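Asks: Have a look at the structure that comes next, please.
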Ligand SMILES: [Zn+2]
């Protein structure tokens, strides 16, 4: 996603995008999530130790129970939105099919184009990683259920892609998102510091492939 320009590289060198998959462990009725860590640097590949295991997220009390490889590795601040998309919405709205993989980047497209492409856009702009943000995501998912809809735009935050597995999400990303969501959120501030064509960043385009393999392999194994 970094290479394609759909996740901004923030002034501190971190990326505005992440991915998540559902884990259904044997001997447990509870679903959990694997999510990429908060503040992944753009010029480092995502390591296995950079992934957080989310046992639960309480959207009412805004608390998260998670495991990670060290104290410095914390889940992405988009974790509540993934919890809303992958754990809460499928049960609450009785979706026939339940998505197992999701991807998100801080790139956008204008409302008119989204209408043309049948991509639902949320009504309200909300501050990232707040109760209102998660509520707005749930309202959007209630109005536009999965699997009839698989790409969503949270106003002034970015796109979310939901799918049955990593391969489906990456296929949707390639065909429907990568070339369409070209407006980077807060692009002026975000991109000024470093060009996406910066050779150091270009060298790290394999991050995308690594992330895909990591989640794909783990998802298939479980
Ligand atoms: Zn985000």
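The values are calculated or read from the model by the stated rules, or taken from the named source; none is laboratory data. Keep in mind it's a predicted model, so treat the numbers as computed, not measured. No Cβ is skipped: glycine too gets one built from the backbone with ideal geometry, and neighbour counts run over all protein chains shown.
Asks: Does any residue of region 60-70 turn out to be closer than 17 Å to residue 159 by Cβ, in contact (Cβ under 8 Å) with a residue 60 or more places away in the chain and either touching a helix residue (DSSP H, G or I) at 6+ places or on another chain (Cβ under 9 Å) or within 16 Å of the ligand (Cβ to nearest atom) (or both)? Steps first, please.
Replies: Going through region 60-70, the residues closer than 17 Å to residue 159 by Cβ turn out to be none.
Checking region 60-70: not a single residue is closer than 17 Å to residue 159 by Cβ, in contact (Cβ under 8 Å) with a residue 60 or more places away in the chain and either touching a helix residue (DSSP H, G or I) at 6+ places or on another chain (Cβ under 9 Å) or within 16 Å of the ligand (Cβ to nearest atom) (or both).
Asks: Within region 150-167, count every residue that is away from the ligand (no atom under 16 Å from the Cβ) and either at pLDDT 95 or above or touching a strand residue (DSSP E or B) at 6+ places or on another chain (Cβ under 7 Å) (or both).
Replies: Count: 5.
Asks: Does residue 85 meet the test of being in a helix (DSSP H, G or I) and away from the ligand (no atom under 16 Å from the Cβ)? Step through it out loud before you land on a result.
Replies: Numbers: in a helix (DSSP H, G or I): yes; away from the ligand (no atom under 16 Å from the Cβ): no.
No, not satisfied.
Asks: What is the one condition in (1) surrounded by 21 or more Cβ atoms within 10 Å (Cβ to Cβ); (2) at pLDDT 90 or above that residue 147 does not satisfy?
Replies: Answer for residue 147: the failing condition is (1).
Asks: Exactly one of (1) closer than 20 Å to residue 64 by Cα; (2) in contact with a strand residue (DSSP E or B) (Cβ under 7 Å, 6 or more places away or on another chain); (3) without any contact (Cβ under 8 Å) to a residue 60 or more places away in the chain is unmet by residue 104. Its number?
Replies: So the condition that residue 104 fails would be (3).
Asks: What number of residues within region 46-59 are free of Cβ contacts under 8 Å to residues at least 40 places away in the same chain, part of a strand (DSSP E or B) and more than 16 Å from the ligand (Cβ to nearest atom)? Lay out the reasoning, then the answer.
Replies: From region 46-59, those free of Cβ contacts under 8 Å to residues at least 40 places away in the same chain are 47, 49-50, 52-58; that's our starting set.
Subset that is part of a strand (DSSP E or B): 52-58.
Going one step further and asking which of them are more than 16 Å from the ligand (Cβ to nearest atom), we end up with 53, 55-56, 58.
Adding up the residues that qualify gives 4.
Asks: Now for a separate question. Filter region 76-99 down to residues that are closer than 17 Å to residue 23 by Cα and over 12 Å from the mean Cα position of the chain (by Cα), then give me how many there are.
Replies: 8
Asks: Can you confirm whether region 109-119 contains a residue that is within 16 Å of the ligand (Cβ to nearest atom) and closer than 22 Å to residue 49 by Cβ? Give the derivation first.
Replies: Just the residues of region 109-119 that are within 16 Å of the ligand (Cβ to nearest atom), to begin with: 109.
Next, only the ones that are closer than 22 Å to residue 49 by Cβ stay: none.
Checked region 109-119: no residue is within 16 Å of the ligand (Cβ to nearest atom) and closer than 22 Å to residue 49 by Cβ.
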